[in-house]
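Here the structure is laid out as structure tokens; the discussion comes afterwards.
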């Protein structure tokens, strides 16, 4: 049981700060603020579910999928970082919400809900950083040489770690709207802009990490 707990803790500790559901909650709220609360709750459930599936597939098959298409992790980081930067830039330059604008603003809830997978789940929640981390965790997993019971224990512990990450996404996004009642509209707008800027920086950092690896492989080929 100690090994299972260590695996659970390793998966959760590696992915939670990268997924960063607490940082994503203000952005989720900004993108869903004009839809009914039940729609927000449904979207939060779906984002958590989609994120869980993405992480499971990335951990179990990610390295094989990338190899099949001839895509390296640095290229994945550059492409994903570019998308994250673009979304962060858009959020940073959205118009400031005002009571008059809120009162007159009409929105198609179905259109907002269509954004559940892209861009809310990917790349805003489980983006290139978390996918690359899950791929690395899957590649490091040693499922050879153990008994079937030991292999099953490793898989179950890793799945529990991913479930814990997905649950944290759901809780953070489900109650993201409460922050406006605590901070007020002005404070919420400041927080959203701050995290949009951080998201922009994260996207550029992901791109720079990928570019550095690509340039390093050119200058110092293996």
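Every number here is computed from the coordinates shown, using simple stated rules; none is lab data. Being a predicted model, the structure only gives us computed values, none of them experimental. Every residue, glycine as well, gets a Cβ built from its backbone with ideal geometry; the counts of neighbours run over all protein chains shown.
If R0 is taken as 25 Å, the Cβ-Cβ distance between residue 94 and residue 171 corresponds to a FRET efficiency of 0.50.
Remark: spin-label model distance residue 9-residue 151 equals 2.7 nm, labels positioned 7 Å along the Cα→Cβ axis. The modelled label-to-label distance for the pair residue 215/residue 140, using points 7 Å beyond Cα in the direction of Cβ, is 2.7 nm. Between the range 5-84 and the range 144-222, the alpha-carbon centres lie 6 Å apart. Using Cα atoms only, what is the angle between the long axis of helix 148-174 and the major principal axis of the chain, expressed in degrees (0 to 90) to the nearest 10? In the chain, helix 148-174 runs at an angle near 10 degrees to the longest axis.
Of the residues 91, 199, 9, the one with the fewest other Cβ atoms within 10 Å heads the list, and the complete ranking is 9, 91, 199. Counting beta carbons within 10 Å around each of 42, 77 and listing the fewest first gives the order 42, 77.
Size check on the range 146-222: the Cα extents along the three principal axes, sorted descending, read 53, 45, 9 Å.
The shape of the chain can be summarised by an equivalent ellipsoid whose semi-axes, obtained from the alpha carbon gyration tensor, come to 34, 22, 14 Å from longest to shortest. Could you identify which residue out of 72, 168, 63 has the top mean-square fluctuation in a GNM of the chain using Cα springs shorter than 10 Å? Per the Cα network of the chain with a 10 Å cutoff, 72 tops the list.
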